[in-house]
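Participant: Quick one: structure below, then a few questions.
The values are calculated or read from the model by the stated rules, or taken from the named source; none is laboratory data. The structure presented is a predicted model; accordingly, all values stated were derived computationally and were not measured. Please note: Cβ atoms are built from the backbone with ideal geometry, for glycine as well, and neighbour counts cover all protein chains shown.
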Amino acid sequence: MDKQPLGLKGLVPQMTASGFKGNRITVDQMVTQIVNHLRTVDAGDGPQYTIILGSGFSYGLVPTVTQMLTDVHWWLYCRENNNDKYNYHGNSWPHNDADFIKYLDTQWRRLKEMVTGCAFEFELDQTNQPKDTPENRARAYQALMSVQGNALINPQLRREYLRDAIRKSKHVLNEGHLYLAGLLKEQFDWKLPFCQTVFTTNFDPFLQKSLQLVNQLYFMSDQPDKVETPDDDDADVIHLFYAHGSVHRYFLCNNPNEIERAKEHAPQLASYFASHGVIVIGYGGWDDILMAALKSCRQFRNNLYWCGYGPIEKQSEEVRQLLTDKAGSAVYVQTEGADRLMEQLYRSIAGIRDVNSTVPELIRDPLKGLLSELSGCQEVIKVNHDTDRDGESNGSRIDDSLGTMLKNVVAQLNEARNRMLSPSMKEPALRVPKLMNDAILAYMSKNYQKAIDTLTVIIDMAEASTEQKARAY
């Protein structure tokens, strides 16, 4: 039976100072709608939602688009003045360095002159920095990446900068990535068809790394000049769609002309968006292939939830207009950032099956997945070594060094896992961290009395260090 879009009839659009006439709901309301909908579907119904991630999702790891307006110039300046003081990988850009500030001022004034009359001509404020509006920041970013400018004027420079910016992060992950990876992985165990395709405008590999960390199979579409309509199948696999390409490819779609050409493929994405719920996180809504596809959708089957940091007035005119035009199945959700949003989404969706799942299994039981994979390898090696190609027994193999070592490793890891999950009184180095985690999980589950009781145990433990007791207190 064809399912109708989730209704937003209870909401009354209100005009704001920004002219926004669309709908607004809270994060709690959005999560409740998503959870209630997932309770009504079966695993065979296919994924009900898709996710679009922008630079805000990688906040704190690599520069956002706004931060790149300065960071690109800092990278170029360090290339021209390569020394201990001006080291891109060793230092963040200096806010009070007179030489760099002068360089920044000159570069922006020159760049503005060079792109005058272009579609991405931007405005400067009194400090000779791009004016702080979403639309102007987007045009300034495109100018930085344009061949008409004086910054990242060719694909090689753009690729080198992005790779350096990612390398500078040392490939760490933020909370949002860990919660999202846990949710994408564990939905298959829960038999909850939440999401199998994630779209992103980012070039970084953090989505890949987070899925590798939880041992979740995925495949990538990262050639923006070759776009196919996403297709949900019944395999337990995640599709990562890099709308602007990735640092692993030579073609990066961040030049104005390249972004415009990529929009020709928007119809291939529009039908997918229209047939799902769409959750947007950390995306500014630029005039690119994703925005073009969203605009062309008549409605969204399970709603469009545009999750933005701060009030709707901070969003671009393009975003406000989109949500107004699609008000029958679109809504703005003000958030406190991607990390907290993903935490709430994970806990709420996980709670459909297990009310105690407050953090991903990777954190609760990190050795479980590794043991499962190694045990599978162990079985294959045993079968191959015990029989020949004709299926005849080979008898015992004393020289089975890899199989024997693997068996021993699995035994050691099982012992380590048991000690980690159930440490004895004789192992305070393991027991205190386990109790502390138990208290945190109890608190996150709003079982405050259990959290207090567990922390009290730590405080009363003679073998706990003064620092550990202070943390518990």
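Participant: Can you find a residue in the range 330-340 that is at pLDDT 95 or above and among the polar types (S, T, N, Q)?
Facilitator: Scanning the range 330-340 turns up at least one residue that is at pLDDT 95 or above and among the polar types (S, T, N, Q).
Participant: Can you run down the residue pairs with Cβ atoms below 7 Å, 6 or more apart or on separate chains, where the first is in the range 244-257 and touching a residue at least 60 places away in the same chain (Cβ under 8 Å) and the partner is of a type in the set (Ser, Thr, Tyr)?
Facilitator: ASN255/SER146; PRO256/SER146
Participant: Pairs needed: first member in the range 84-100, farther than 23 Å from THR127 by Cα; second member anywhere, part of a loop (DSSP other than H, G, I, E, B); C-beta distance under 6 Å; at least 6 residues apart or different chains.
Facilitator: Once the first residue is farther than 23 Å from THR127 by Cα and sits in the range 84-100, no partner that is part of a loop (DSSP other than H, G, I, E, B) comes close enough.
Participant: I'd like to verify a number: residues in the range 110-138 that are assigned to a loop (DSSP other than H, G, I, E, B) and either β-branched (Val, Ile, Thr) or within 21 Å of GLU260 (Cα to Cα) (or both), how many? Walk me through how you get there before you give the answer.
Facilitator: Taking the range 110-138 and keeping what is assigned to a loop (DSSP other than H, G, I, E, B), we get 115-123, 125-129, 131-133.
Narrowing the set further to residues that are either β-branched (Val, Ile, Thr) or within 21 Å of GLU260 (Cα to Cα) (or both) leaves 115-122, 127, 133.
Final tally of qualifying residues: 10.
Participant: Which one of MET68, MET114 is hydrophobic (A, V, I, L, M, F, W, C), more than 30 Å from PHE194 (Cβ to Cβ) and out of contact with any Leu (no Cβ under 9 Å at 6 or more places or on another chain)?
Facilitator: Working: MET68 fails: out of contact with any Leu (no Cβ under 9 Å at 6 or more places or on another chain).
The match here is MET114.
Participant: Taking the range 415-439, which residues are of a type outside the set (Ser, Thr, Tyr), in a loop (DSSP other than H, G, I, E, B) and modelled with pLDDT of 80 or more?
Facilitator: Taking the range 415-439 and keeping what is of a type outside the set (Ser, Thr, Tyr), we get 415-421, 423, 425-439.
Applying the additional criterion that residues be in a loop (DSSP other than H, G, I, E, B) yields 423, 425-427.
If the condition is that a residue be of a type outside the set (Ser, Thr, Tyr), in a loop (DSSP other than H, G, I, E, B) and modelled with pLDDT of 80 or more, then PRO423 is the only one that fits.
Participant: Now for a different question. When residues of the range 440-461 are filtered for being of a type in the set (A, V, I, L, M, F, W, C) and at pLDDT 85 or above, how many remain?
Facilitator: 4
Participant: Conditions first: (1) of a type outside the set (Val, Ile, Thr); (2) within 18 Å of PRO134 (Cβ to Cβ); (3) under 20 Å from the mean Cα position of the chain (by Cα). ALA292 passes all but one, so which condition is the exception?
Facilitator: (3)
Participant: Do you know which residues across the range 145-160 are touching a residue at least 40 places away in the same chain (Cβ under 8 Å) and farther than 26 Å from GLU318 by Cβ?
Facilitator: Residues satisfying the conditions are ASN150, PRO155, ARG159.
Participant: Then there's this: Run down GLN107, GLN142 and say which single residue is in contact with a helix residue (DSSP H, G or I) (Cβ under 9 Å, 6 or more places away or on another chain), in contact (Cβ under 8 Å) with a residue 40 or more places away in the chain, closer than 21 Å to GLU258 by Cβ and not in a loop (DSSP other than H, G, I, E, B).
Facilitator: Details: GLN107 fails: closer than 21 Å to GLU258 by Cβ.
Exactly one of GLN107, GLN142 is in contact with a helix residue (DSSP H, G or I) (Cβ under 9 Å, 6 or more places away or on another chain), in contact (Cβ under 8 Å) with a residue 40 or more places away in the chain, closer than 21 Å to GLU258 by Cβ and not in a loop (DSSP other than H, G, I, E, B), namely GLN142.
Participant: Need the failing condition index for ASN150 against (1) modelled with pLDDT of 90 or more; (2) buried (at least 16 other Cβ atoms within 10 Å of the Cβ); (3) touching a Lys or Arg at 6+ places or on another chain (Cβ under 8 Å); (4) not in a helix (DSSP H, G or I), just the number.
Facilitator: If we test ASN150 against (1) modelled with pLDDT of 90 or more; (2) buried (at least 16 other Cβ atoms within 10 Å of the Cβ); (3) touching a Lys or Arg at 6+ places or on another chain (Cβ under 8 Å); (4) not in a helix (DSSP H, G or I), just (1) comes out false.
Participant: Out of CYS307, CYS297, I need the residue that is touching a residue at least 24 places away in the same chain (Cβ under 8 Å) and touching a Leu at 6+ places or on another chain (Cβ under 7 Å). Which one?
Facilitator: Details: CYS297 fails: touching a Leu at 6+ places or on another chain (Cβ under 7 Å).
On inspection, the qualifying residue turns out to be CYS307.
Participant: What helices (runs of 4 or more DSSP H) lie completely within the range 186-301 and have 3 or more residues being surrounded by 22 or more Cβ atoms within 10 Å (Cβ to Cβ)? Spell out how you get there, then give the answer.
Facilitator: Numbers: elements: 206-213, 256-262, 267-274, 289-295.
The qualifying helices (runs of 4 or more DSSP H) are 206-213, 289-295.
Participant: Consider ARG167 carefully, then state whether it is over 15 Å from the mean Cα position of the chain (by Cα), touching a residue at least 40 places away in the same chain (Cβ under 8 Å), assigned to a helix (DSSP H, G or I) and within 20 Å of GLY54 (Cβ to Cβ). Reasoning before the result, please.
Facilitator: Values: over 15 Å from the mean Cα position of the chain (by Cα): yes; touching a residue at least 40 places away in the same chain (Cβ under 8 Å): yes; assigned to a helix (DSSP H, G or I): yes; within 20 Å of GLY54 (Cβ to Cβ): no.
Spelling it out, it is not the case that ARG167 is over 15 Å from the mean Cα position of the chain (by Cα), touching a residue at least 40 places away in the same chain (Cβ under 8 Å), assigned to a helix (DSSP H, G or I) and within 20 Å of GLY54 (Cβ to Cβ).
Participant: Out of (1) at pLDDT 90 or above; (2) surrounded by 22 or more Cβ atoms within 10 Å (Cβ to Cβ), what's the single condition that is false for VAL41?
Facilitator: (2)
Participant: Next question. Restricting attention to the range 111-134, which residues are without any contact (Cβ under 8 Å) to a residue 60 or more places away in the chain and among the small types (Gly, Ala, Ser)?
Facilitator: The answer is GLY117, and nothing else.
Participant: The conditions are (1) in contact (Cβ under 8 Å) with a residue 60 or more places away in the chain; (2) in contact with a His (Cβ under 9 Å, 6 or more places away or on another chain), and LEU345 fails exactly one of them. Which is it?
Facilitator: (2)
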